[in-house]
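The values are calculated or read from the model by the stated rules, or taken from the named source; none is laboratory data. Since the structure is predicted, the reported quantities are computational estimates derived from the model, not experimental observations. For neighbour counting, all protein chains shown are included, and Cβ atoms are generated from backbone atoms with ideal geometry for every residue, glycine included. For accessibility, only protein heavy atoms count, side chains too; no ligands or nucleic acids. Shrake-Rupley method; radii C 1.70, N 1.55, O 1.52, S 1.80 Å.
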Amino acid sequence: MKLFVFHTPELTPTATVADCAIAVDVLRATSTIATALGAGAEAVQAFSDLDKLLEVSETWAPDKRIRAGERGGAQVEGFDFGNSPLACTPDLVSGRRLFISTTNGTRALQCIEAAPVVLAAALINRRAVVQHLVQHKPATVWIVGSGWEGSFSLEDTVCAGAIAHGLQAELGCSLADLAGNDETIAAVSLYSQWRPNLLDLFYLASHGQRLLKLGIIEDLKYCAQEDILDVLPIQRELGVLVKH
């Protein structure tokens, strides 16, 4: 298995696809997706375009859909949810489909949707992602951070490092054997340094600071936790993720 980390969707190769591709948007899209599926959502359907989301979700009965829209960290006017995982409680999402569009995370999912296996990862479901990779052993794995409007994000890279670190431990392999690019080594180094203080890292991160200015503190605390959900969001059809 060779693991490649790409800090943003724009940095992923365009001529090839991985055997397994993983989208990461810790703050907050992939954390929200995993939480919604863990709370009983029928599926999560991701869109980069808000108008397309509205068009497709209109074909669903109002009591079977939830529209989640976020731009710049704030909820889009007229949508049911923003992008908070804490809003995804069982009484609200169970049996319903979450139609979601966010500033960065849903772009990352669309970037990798052609891969044979597409997963959504966050710190909260890291162990489930690692166990899937250990079980299936895809030859090439891409972890694609969502970043922020094309730039690097600390929280996505530290999550990629957490996944790589977990794989090393489970497979008993060296980082040299696992890493497909320098970014993978950098991600593991970042995780190794900040593992005891992930929330502090989030407070330093530029997007963490954006959310703090919006008063979104509890989401940061929730998303900084590791391995609290045994949920693996996997793409069933283009743009549609279900609990595996």
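Placing dummy labels 7 Å off each Cα toward the beta-carbon, the span from residue 19 to residue 152 is 2.9 nm. Once the convex hull of all Cα atoms in region 74-213 is built, its volume per residue stands at 145 Å³. With all protein chains kept in place, the per residue accessible area of the chain amounts to 41 square angstrom at a probe of 1.4 angstrom. If R0 is 35 Å, the Cβ-Cβ spacing of residue 56 and residue 91 corresponds to a FRET efficiency of close to 0.90. The alpha-carbon atoms of region 1-131 define a convex hull whose volume equals 116 cubic angstrom per residue. The long axis of helix 126-136 is offset from the longest Cα principal axis of the chain by roughly 60 degrees.
What the Cα atoms of region 1-48 give is an Rg and a Dmax of 13.2, 37 Å. Ordering 144, 231, 9 by the projection of their Cα atoms onto the charge dipole of the chain, which places +1 on the Cβ of Lys and Arg and -1 on the Cβ of Asp and Glu, puts 231 at the extreme positive end. Annotation: amide H-H contacts under 5 Å for residue 8 (H modelled 1.01 Å from N, sequence separation of 5 or more, or interchain): 145.
Counting each DSSP H run of 4 or more residues in the chain as -39500 (n - 2.57), what helix-only mean residue ellipticity at 222 nm follows after dividing by all residues, to the nearest 500 deg cm²/dmol? The per-residue figure over the chain is -11000 deg cm²/dmol. For region 184-244, the percent of C-alpha pairs falling in each 10 Å distance bin, counted from 0 to the bin holding the largest distance, reads 19, 33, 36, 12. The Stokes-Einstein estimate for the chain, based on a Kirkwood radius over Cα pairs and taken at 10 °C with 1.306 mPa s viscosity, is a diffusion coefficient of 91 µm²/s.
Overall, the ratio between the Cα radius of gyration of region 159-214 and 2.2 N^0.38 Å, rounded to two decimals, is 1.32. The apolar share of the surface of region 175-236, taken as the fraction of accessible area on carbon and sulfur atoms (1.4 Å probe, ligands and nucleic acids excluded), comes to 50 percent. In order along region 89-105, the Karplus-derived 3J(HN,Hα) couplings, from 6.51 cos²θ - 1.76 cosθ + 1.60 at θ = phi - 60°, round to 8, x, 5, 8, 10, 4, x, 10, 9, 8, 9, 10, 9, 10, 4, 10, x Hz, and Gly and Pro are given as x.
Counting only Cβ charges, +1 for Lys and Arg and -1 for Asp and Glu, the dipole size of the chain around its Cα centre is about 240 debye.
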